[in-house]
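Following: one structure in structure tokens, then a few remarks.
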Amino acid sequence: MDKIDIKSMTAREIEQSFLPNFIESFRAKQVYGWLVKGVSSFEEMSNIPQKLKDFLNQNYFIASVKIKSKKISLDGTIKYLFELYDGQLIEAVVMKYNHGYSMCLSTQVGCKMGCAFCVTGKGGFARNLMPSEMIAQVEAAGKDENIKISNIVLMGMGEPLDNYNNVIKFLRLISSKDHLNIGMRHISLSTCGIVDKIYKLAEEKLQLTLSISLHAPNDEIRNKIMRINRRYNLKELIDACKYYIKITGRRISFEYIMIKNVNDSAKCAVELAKLLKNMICHVNLIPLNKSDIVEEFSPSGKAQVYLFQNILEKAGITATVRRTLGKDIEAACGQLKGKYKEAEGKD
């Protein structure tokens, strides 16, 4: 019999799971309370009788992550390489801001989307993460640095909407008042544009910030650098975004990686402004992280990035240039895992 992932369960679900075995409901609340505290074994649950601990060990497991590697940037950014129970590796980044600590989490081991400029996609796809494994990333970093993570960004390894059910479960767990209580308005979810799931997410009315990895102002360029655009073109994506705004009342953030001689021309900026006209949105211009693994692309020059921003601003589109954090520790997704695997192969 396969053991049950108890850390991905709500208190009510644990209680329902205990019922057939005539375990009192208050025990479920006790167990859930320990899980929220981040225990990694049932033996740590000091107010639980040994008989119940034995039952839990036989039928359930607590998902956790092990810190395989940790790098600290000169700017304070921390990059973690976590090992999962099956030996798979994922990455997460902790960033310190004036408002507190933000953490960029992974939602999958690898990614299926195959964006041409993405290091993670080059490594292929292994599996989806369970809600518990997403929670474990937050807990591990918090314990390691003795900090409280106040903001969550689902923009690490993987495509969150390709792991839809597990991501939604994670969001509901981590935002609940009896869990880590991280409010939805402090959570951002990034997608490359899985249109049917954007419509579905809108109906959840979660009040989180939706970030769209756009990276191109037209289908011709986007088809070349983002495979998802061949399935859902820009018109379909923008229509879904407008629906999301209408249903949730939330502003959308459009992520735009600046790639030299690919999508950074003044003409591209004008096209982008027309595409996003009259939308409640914000454009986040991102300097490309130059990687040894993705050699065919180069970052746009600083002057070109600010020219691009100026054209958008003059057209009435709010645009900012993302501050680069953790550049000295390969904080871009997939880089640390790639370097670790490379070094492992040399041993």
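The values are calculated or read from the model by the stated rules, or taken from the named source; none is laboratory data. Computed from a predicted structure; not experimentally measured. Backbone-built Cβ (ideal geometry, glycine too); neighbour counts: all protein chains shown.
Here residue 224 passes the criteria (1) in contact with a helix residue (DSSP H, G or I) (Cβ under 9 Å, 6 or more places away or on another chain); (2) part of a helix (DSSP H, G or I); (3) over 30 Å from residue 83 (Cβ atoms); (4) in contact (Cβ under 8 Å) with a residue 40 or more places away in the chain except the one numbered (1).
All of (1) modelled with pLDDT under 95; (2) in contact with a helix residue (DSSP H, G or I) (Cβ under 9 Å, 6 or more places away or on another chain) hold for residue 167 with one exception: (1).
Which condition does residue 269 not pass, out of (1) in a strand (DSSP E or B); (2) among the small types (Gly, Ala, Ser); (3) farther than 25 Å from residue 120 by Cα, if it passes all the others? Of everything listed in (1) in a strand (DSSP E or B); (2) among the small types (Gly, Ala, Ser); (3) farther than 25 Å from residue 120 by Cα, residue 269 misses just condition (1).
Yes/no matrix, rows are residues, columns are (1) part of a loop (DSSP other than H, G, I, E, B); (2) more than 30 Å from residue 222 (Cα to Cα):
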| site | (1), (2) |
| --- | --- |
| 63 | yes, yes |
| 67 | no, yes |
| 71 | no, yes |
| 91 | no, no |
| 106 | yes, no |
| 112 | yes, no |
| 120 | no, no |
| 127 | no, no |
| 140 | no, yes |
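Here is a check on your reading of the model: is residue 337 crowded, with 19+ Cβ neighbours inside 10 Å, charged (D, E, K, R), at pLDDT below 95 and assigned to a helix (DSSP H, G or I)? For residue 337, the condition - crowded, with 19+ Cβ neighbours inside 10 Å, charged (D, E, K, R), at pLDDT below 95 and assigned to a helix (DSSP H, G or I) - is met. For residue 152, the conditions (1) surrounded by fewer than 21 Cβ atoms within 10 Å (Cβ to Cβ); (2) under 30 Å from residue 232 (Cα atoms); (3) among the aliphatic types (A, V, I, L, M) all hold with the exception of (1). Between 95, 113, 130, the distinction of being farther than 22 Å from residue 8 by Cβ and either among the charged types (D, E, K, R) or touching an Asp or Glu at 6+ places or on another chain (Cβ under 7 Å) (or both) belongs to 113 only.
A single entry from 201, 180, 171, 161 fulfils the requirement of being buried (at least 17 other Cβ atoms within 10 Å of the Cβ), touching a strand residue (DSSP E or B) at 6+ places or on another chain (Cβ under 9 Å) and outside any helix (DSSP H, G or I): 180.
Pairs linking a residue in the range 21-50 that is part of a loop (DSSP other than H, G, I, E, B) to a residue that is surrounded by 12 or more Cβ atoms within 10 Å (Cβ to Cβ) and among the charged types (D, E, K, R), with Cβ atoms under 6 Å and 6 or more positions apart or on different chains, are 38/139.
Here the range 64-104 is the region considered, the condition is being surrounded by fewer than 21 Cβ atoms within 10 Å (Cβ to Cβ) and aromatic (Phe, Trp, Tyr), and the residue that is farthest from residue 148 (Cα to Cα) is 85.
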